[in-house]
Amino acid sequence: QGGIVNAEIVDNYYDWYINFWADQVRSKKCEPQKILKEQNAEIRMDMIKACGLESLLDGLDHKVLDTMGDYQLLGIKINQTSCSFLKMVNPTTGSIHIEGVANEAKTVKDAIAWRIGAQNFVEPKAGT
C-alpha cells in the first residue's frame, strides 16, 4: 500500500513540476533562486534546461573572471557565498555547461588543472 501512495505523490509532484515549468518557459520567467533550492539533482537539471543556462546566469549575481578559447571562469554568488564555475562548450555537440571548481582557481588554466587533478595546467600537444 505504501508504494501506491508514494507513486501517487511522485506522479502529482511531476505533474505540478511539468505544468509549473511549462508556464515559466512560456512566460519567459526564470527564477534562479527556486532552481537553486531544488534538492533533487535531476529535477534541478531539468529546470535549468527549461529556463536555459544563460537565463539562469542572467538572474544570478555573476561575473566572468577569465576567458580562454571556449572556456570561461565564472564567479557566481549563491546564498551570499562566492563560488567558482568553469563554463565550457562541448566541442563535439556544441552544448554549453558549467561545473563547480575550486574557489582558489584564478584563471581558466587553474580551473582546468583542478578538474583533472593536476598541480599546473599543461598545454595539450597537437594530435592528443
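The values are calculated or read from the model by the stated rules, or taken from the named source; none is laboratory data. All values reported here derive from a predicted model rather than from experimental measurement. All Cβ positions, glycine included, derive from the backbone under ideal geometry; neighbour counts span all protein chains shown. Quick note on the areas: whole protein, heavy atoms, side chains included, nothing else; ligands and nucleic acids left out. Shrake-Rupley method; radii C 1.70, N 1.55, O 1.52, S 1.80 Å.
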- Query: Once you put a point 7 Å from the Cα of Glu42 and another 7 Å from the Cα of Thr92, both along the Cβ direction, what distance in nm separates them?
  - Reply: 2.3 nm
- Note on the structure: Rounded to whole Å², per residue accessible area for the stretch 55-120 with a 1.4 Å probe reads 62 Å²
- Message: I'd like the carbon and sulfur percentage of the solvent accessible area for the stretch 65-128, probe radius 1.4 Å, heavy atoms only, ligands and nucleic acids excluded.
- Response: 51 percent
- Message: Give me the one-decimal nm value for the distance between modelled label points at Ile116 and Ile78, 7 Å along each residue's Cα-to-Cβ direction.
- Response: 2.5 nm
